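Remarks on the structure that follows.
Readers should treat all values here as calculations from the given coordinates under stated rules, not as data from a laboratory. Treat the numbers as computed from the prediction; the structure is a model and nothing was measured. Neighbour counts are summed over all protein chains in view; Cβ atoms, including those assigned to glycine, are modelled from backbone coordinates with ideal geometry.
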Amino acid sequence: MAYFSRNGNNYVDGRIVNLPVGNTEVLAKMIQEITEGDLFRIVPVNSYPVDYTETTEVARKELRENARPKLSNRIENMDSYNVIFLGYPNWWGAIPMPVATFLSEYDFSGKTIAPFCTNEGSRLGRSLTNIIELCPQSTILNGLAVRGGDAKKAQNEVSEWLRELRMIE
Ligand SMILES: Cc1cc2nc3c(=O)[nH]c(=O)nc-3n(C[C@H](O)[C@H](O)[C@H](O)COP(=O)(O)O)c2cc1C
């Protein structure tokens, strides 16, 4: 399980609130508790501004430039994982660029990626296409989209998704 999540100010149900724990992190921990995998947080070296609007500007620039922001941590034993749950917020309809860095830093050929995403309405956006482009030799499973503000109460959706993917009985 690898996820990127930003804590700080964010839009939740149309309002700006300060989230000490990001929405994707809430969802990631819920999925990890059920699947009992290892948890890896994708952390960029340069953290994003706490301010929401500033973050959207940085993120838009990174997306436009197809940037690969440096990450501060690495998974040393990627070879030992066949299935990777990958969580991220929808940013401008796409994967956040630190997730693109993550997908570019390892060889995911032959591995299975199960994407999940929190968002404020655009659901998965183009993120599955982004992942397929970066990991053309991987199996990309059906993604789960959860509204950020609903992450805490997504247990049923999560279980249903995991059953559909045949990850749980
Ligand atoms: C830079 C940025 C861009 C965003 N773009 C979108 C978007 O295009 N569509 C959408 O539905 N939500 C968008 N959102 C809202 C986030 O996807 C949503 O708040 C998410 O739950 C945040 O997850 P996190 O707390 O784990 O970072 C955006 C948020 C940020 C900060």
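Across the stretch 1-87, the volume of the C-alpha convex hull divided among the residues equals 115 Å³ per residue. With 0.36 nm allotted per residue and the present C-alpha distance subtracted, the VAL83-GLU164 stretch has 27.7 nm of extension available. Our helix-only sum for the chain, with -39,500 (n - 2.57) per DSSP H run of n ≥ 4 divided by its residues, gives a mean residue ellipticity at 222 nm of -9500 deg cm²/dmol.
Here the stretch 1-67 is assigned +1 on the Cβ of each Lys and Arg and -1 on the Cβ of each Asp and Glu. Its dipole about the Cα centre then comes out at about 160 debye. Averaging the sequence gap over all C-alpha pairs within less than 8 Å and six or more residues apart, then dividing by the number of residues, gives the stretch 20-169 a relative contact order of 24 percent.
Rg and Dmax of the chain, both derived from C-alpha coordinates alone, stand at 14.9, 43 Å. Taking a ≥ b ≥ c as the square roots of the eigenvalues of the Cα gyration tensor, an a/c ratio of 1.5 or more together with a/b no larger than b/c marks the stretch 69-169 as oblate. Counting only residues at least eight positions apart within a chain, or on another chain, the aspartates and glutamates with an alpha carbon under 13 Å from that of LYS111 are ASP79.
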